[in-house]
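> Okay, handing you the structure first.
FYI, it's all coordinate maths here, none of it is from the lab. Just so you know, these numbers come straight off a predicted model, no measurement behind them. For neighbour counting, all protein chains shown are included, and Cβ atoms are generated from backbone atoms with ideal geometry for every residue, glycine included.
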Amino acid sequence: MSLLGEGRLSLKGALLLLAAALVILAPGLMGLPPVDRDESRYAVATTQMLATGDFVDIRFQEQPRYLQPAGVYWLQALSAATFTEPESREIWAYRLPSLTAALAAVLVTGVMTSLWFGSWTGLLAGLLLASCMSLGFEARIAKTDASLLAAVTIAQFAFMRVYTGAARSRWPVLIFWIALGVGGMLKGPIILLVVGLAAVALALWDRSLARLAPLQPLWGLPLALLIAAPWYVAIGLATDGEFFRVAIGGNLLHKVGTGQQSHGGPVGYHLMGFALTFWPGALLAALAVPFAWRERARPEVRFLICWIIPAWLVFEFVSTKLPHYVLPVFPAIAVLTAVAATSPQPQGRAPWLKVLFGLFLLLWLAVSLTVSLLAPVGFWLYESRLDVVAITLAAAAIGAVGVMTWRVFAGRRDQAVLAGAVAAALVSLNTYGLGLPRLEALWLSPQIAEASAAAASGCVQPQIISAPYHEPSLVFLNGPQDTQLMATPEAAAEALAESPACGVAVIGAEQQTDFLQRAETLGLILRPSGQVAGQNYSDGEDLTLTLYVAASARGAEPVAP
């Protein structure tokens, strides 16, 4: 405790928190191949942005990417241009903004908590956020959600200081509006939804706007608009308003009304998944609910409640649902959970609360066992072998879960947070660092890219033509200008005929007959040049893909189809 100090989280305490977060969040950053589908779409669009110099109109190959603003693409472009050669297509460089943003959210959560509740509680709150499964996934994926989380956390920290009267200067107000503007460049109105709903809920609870007036919107709102507006104006002019028609009418409003891209779910979806998305801290969060209700009169606790509940309810009633949608409220949950863990526990509980907690404990234990065994089970299912290291790490994670459960029932919830962080680190190392990168059957795109380079050995760059495998990770690995995802096998044969010198057709087993017949009609002499087999985890389909090249163009003996 002396390391942390009595009040605000010290520099040494902050570095300790960041080091622990890195241990949990960094494994797999470099080892995991590009992930389908969202990460690879973002990465491809960023590579095209760097190649063309067009930082306004975002595209995936020839398709417009009018779902979110350009902010995260700019961050990825900066990272890729700084740390790698963009043509090298090293996915870790595109992931660095997500990891950095996740670390920022963890640090701000720790510092925010320490200002009101002490440095030890701040460390625990930061660990709870760093340990949760949802952030663990987003931190190592090149997309918007970790960056949005950082913007929301910073904005809400500044807002909380103003609301509770802790602000002693205009800096929190300035930071609040800057964070809103940055958030608007990352994911449009989502940050306004979270922050705005919190403000409305606080005003209704207080029956007054007095605590909100110091935010000074008369100059703050123009500042936020000044950050985001130039790009919005530029994209509106560049696309003749098409961006807004797609992003608002075709994406945002469609998500509210229907389950977009089969990502629907019932009301209660996020609550039912909480044991997983906030694992391992979900068990302690459940125990923190009575504490939050008892302490609701405290301004800082009231603020945290209003940060969580209104936004959560909106996400529950929006038709399109994905597990990470509720991530922007997780810092507030982490703070309340840490405060409850370090506060005196009341004696006795209502019987119905004990029953509810017992049922949730069983669910949490099932989730704990499942996530701990992901790596060894993956090796068994996909490679039919027992991996000793994976089994050892899984056993250690289960042991840490056992210690966490023991400390909960012993009344030492602060120690339970530490045990949970150890469990999260072991699961992260086992799953992301060891297991997933080595399960080659799951990673078809790297296999295709490598086999295609060998098949087109006389070429600087293979021209991959693929049907029916259409995953964007292949486009990223081979390059958007050198990869064609064809709608039909006949179209694939025609494309190969147009670029026989370096073309490599990647054809599924069910498409081969149509492909070969069309090739014969075109007079194309083909040679099989390898085979790739595995599972396309995006849709769960097992695929066997055969690579074909134009035999005469390779100087090989022609083989008729």
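> Give me the percent of DSSP beta bridges within the chain that run antiparallel, rounded to the nearest 5.
70 percent
> Using the number of other C-beta atoms within 10 angstrom as an exposure proxy, rank Val23, Val195 with the fewest first.
Val23, Val195
> On to the next question. Looking at the square roots a ≥ b ≥ c of the eigenvalues of the Cα gyration tensor of region 1-112, which shape do they give, rounded for a/c under 1.5, prolate if a/b is larger than b/c, or oblate?
It is prolate, given that a/c is not under 1.5 and a/b is the larger ratio.
> Stretch Ser538-Val233 to full length: gain in nm at 0.36 nm per residue minus the Cα-Cα span?
So the chain would gain 106.3 nm between Ser538 and Val233.
> Would you calculate a helix-derived [θ] at 222 nm for the chain, using -39,500 (n - 2.57) for each DSSP H run of n ≥ 4 and dividing by the full residue count, to the nearest 500?
-19000 deg cm²/dmol
> While we're here: In percent, how large is the relative contact order of the chain, given Cα pairs closer than 8 Å and 6 or more residues apart?
Computed over the chain, the figure is 15 percent.
> Related question: Which whole-number percent gives the relative contact order of region 370-440, counting Cα pairs below 8 Å spaced six or more residues apart?
Normalised by residue count, the contact order of region 370-440 is 40 percent.
> Just the isolated ones, please: cysteines in the chain lacking another cysteine beta carbon under 4.7 angstrom.
Cys132, Cys306
> Would you calculate the separation in nanometres between label points at Ala19 and Leu225, each defined as 7 Å from the Cα along the Cα-to-beta-carbon direction?
Going from the Ala19 label point to the Leu225 one covers 4.8 nm.
> Moving on. Mind pulling the angle between the C-alpha long axis of helix 217-238 and the longest principal axis of the chain? Nearest 10 degrees, somewhere in 0 to 90.
Long axis of 217-238 versus the principal axis of the chain: about 10 degrees.
> Could you grab the relative contact order for region 11-341? Cα pairs under 8 Å, six or more apart, rounded to a whole percent.
With pairs under 8 Å counted, the relative contact order is 21 percent.
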